[in-house]
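**Student:** Here it is, the structure, as structure tokens.
The values are calculated or read from the model by the stated rules, or taken from the named source; none is laboratory data. Small disclaimer: the values here were computed from a predicted structure and weren't measured. Methodologically, a virtual Cβ is constructed for each residue, glycine included, from the backbone with ideal geometry; neighbour enumeration extends over all protein chains shown. Heavy atoms of the whole protein, side chains included, go into the accessibility calculation; ligands, DNA and RNA do not. Shrake-Rupley method; radii C 1.70, N 1.55, O 1.52, S 1.80 Å.
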Amino acid sequence: MADSPPRPIPPYVDIRRSKRRKRTVSAYRDGERVVVLMPDRLSAAEEARWVETMLARLEKQRSRSRVSDEKLLARAHELACRHLPEVPEPASVRWVSNQNRRWGSCTPADRSIRLSTRLQAMPGWVVDYVLVHELAHLIEPTHNATFWSLVHRYPKAERAEGYLEGISAASSLDLDDY
């Protein structure tokens, strides 16, 4: 029985071929897009099969790491109790897929917090940092010295800031040049 032909490549997939890449294929999410890195020598059929394989792997990884909005709200309560006991209780904390330029946002008027789904694939301590950052906005809406002193009560704040800066810098690199 012959293999079925590969499905067409979805429009949200960016394929980056490299002559320097010899054997490995990798993929990552960049906002709503998926970037697949592969050797230049692969045929169109091999490319399509690899894209299908990598999309399946990314989805499996995402489903393993997906935390529900309810668990996110519970985590925010836990972090607030531990690091910001004076913070008013958030009314809602949820994942959103429309934040491509920021990691999270907070509306102090209605005490709602939203985190970018891009964070779902990141370590828990990075998600915790963004939650603490947004919780601090419930006390101090601006990024002034008071705000940063609240955020830096989280023990891994500096490490998480560096991690997020690195992710932001890496996503703006044109990997085709390497």
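**Student:** Going by amide H atoms built from the backbone, whose H comes under 5 Å of the H on Arg21, apart from near neighbours?
**Tutor:** Correct list: Asp40.
**Student:** Mind checking which of Ala45, Ala74, Thr107 is farthest towards the positive end of the range 1-115's charge dipole, using Cβ charges of +1 (Lys, Arg) and -1 (Asp, Glu) about the Cα centre?
**Tutor:** Ala45
**Student:** Something else: Place a +1 charge on the Cβ of each Lys and Arg in the range 113-168 and a -1 charge on the Cβ of each Asp and Glu, then give the dipole magnitude about the Cα centre in debye, rounded to the nearest 20.
**Tutor:** Once rounded to the nearest 20, the dipole reads 120 debye.
**Student:** In percent, what relative contact order does the range 84-164 have, based on Cα pairs under 8 Å that are 6 or more apart in sequence?
**Tutor:** That works out to 29 percent.
**Student:** So for the range 56-150, what percent of the C-alpha to C-alpha distances run longer than 22 Å?
**Tutor:** Working: 1090 of 4465 pairs.
Taking all Cα-Cα pairs of the range 56-150, the fraction more than 22 Å apart is 24 percent.
**Student:** So what's Rg/Rh here for the chain, counting alpha carbon atoms and using the Kirkwood radius for Rh?
**Tutor:** The Rg/Rh ratio comes out at 1.08.
**Student:** Evaluate the relative contact order of the chain (contact order divided by residue number), counting alpha-carbon pairs under 8 angstrom at least 6 apart; express in whole percent.
**Tutor:** 17
**Student:** Could you tell me which of Val127, Val151, Val25 has its Cα farthest along the dipole of the chain towards the positive end, charges placed at Cβ (Lys, Arg +1; Asp, Glu -1), taken about the Cα centre?
**Tutor:** Ranked along the dipole, the leading option is Val25.
**Student:** Relative to the present Cα-Cα distance, how much length would full extension add between Thr146 and Arg17 at 0.36 nm per residue of separation?
**Tutor:** The Thr146-Arg17 span can extend by a further 41.7 nm.
**Student:** Please work out the Cα center distance from the range 97-132 to the range 134-155, rounded to the nearest Å.
**Tutor:** Each part's Cα centre sits 14 Å from the other's.
**Student:** Hey, can you find the accessible area per residue of the chain for me, probe 1.4 Å, expressed in square angstrom?
**Tutor:** Accessible area per residue: 60 Å².
**Student:** Quick one: which residues, 5 or more positions from Gly104 or on another chain, have an amide H under 5 Å from its amide H? H modelled 1.01 Å from N in the peptide plane, none for Pro or chain starts.
**Tutor:** Ser116
**Student:** Let me ask you something else. As a test of reading the structure, rank Ser68, Ser116 by solvent-accessible area (1.4 Å probe, protein chains only), most first. Each step should come with its number before you reach the end.
**Tutor:** Details: Ser68 45, Ser116 0 Å².
Accessible-area ranking of Ser68, Ser116, largest first: Ser68, Ser116.
**Student:** List the trypsin sites (Lys or Arg not before Pro) within the range 37-131 that fall in a DSSP loop (any state other than H, G, I, E or B) and whose Cβ has at most 14 other Cβ atoms within 10 Å.
**Tutor:** Arg41, Arg66, Arg101, Arg102
**Student:** Also, quick follow-up: Just the number, please: percent antiparallel of the DSSP beta bridges in the chain, rounded to the nearest 5. Before the final figure, lay out each step's value.
**Tutor:** Details: 9 of 20 bridges.
So the antiparallel bridges in the chain amount to around 45 percent.
**Student:** Which of the three applies to the range 18-94, rounded, prolate or oblate, going by the alpha-carbon gyration tensor with a ≥ b ≥ c and a/c under 1.5 meaning rounded? Each step should come with its number before you reach the end.
**Tutor:** Working: a/c = 4.59, a/b = 3.30, b/c = 1.39.
Prolate is the answer for the range 18-94, as a/c is 1.5 or above and a/b outweighs b/c.
**Student:** If you don't mind, there's one more thing I want to ask. Could you compute the FRET efficiency for Glu86 and Arg159, with r as their C-beta to C-beta distance and R0 at 22 Å, rounded to 0.05?
**Tutor:** Rounded to the nearest 0.05, the efficiency is 0.35.
**Student:** Suppose every K and R has +1 on its Cβ and every D and E has -1 on its Cβ; what is the size of the dipole of the range 1-140 about the Cα centre, in Debye to the nearest 20?
**Tutor:** I would put it at about 900 debye.
**Student:** So what are the ³J(HN,Hα) numbers for the range 95-109, from phi and the Karplus equation (6.51, -1.76, 1.60; θ = phi - 60°), rounded to whole Hz, Gly and Pro as x?
**Tutor:** With coefficients 6.51, -1.76 and 1.60, one gets 7, 9, 9, 9, 9, 9, 10, 9, 8, x, 8, 9, 10, x, 4 Hz.
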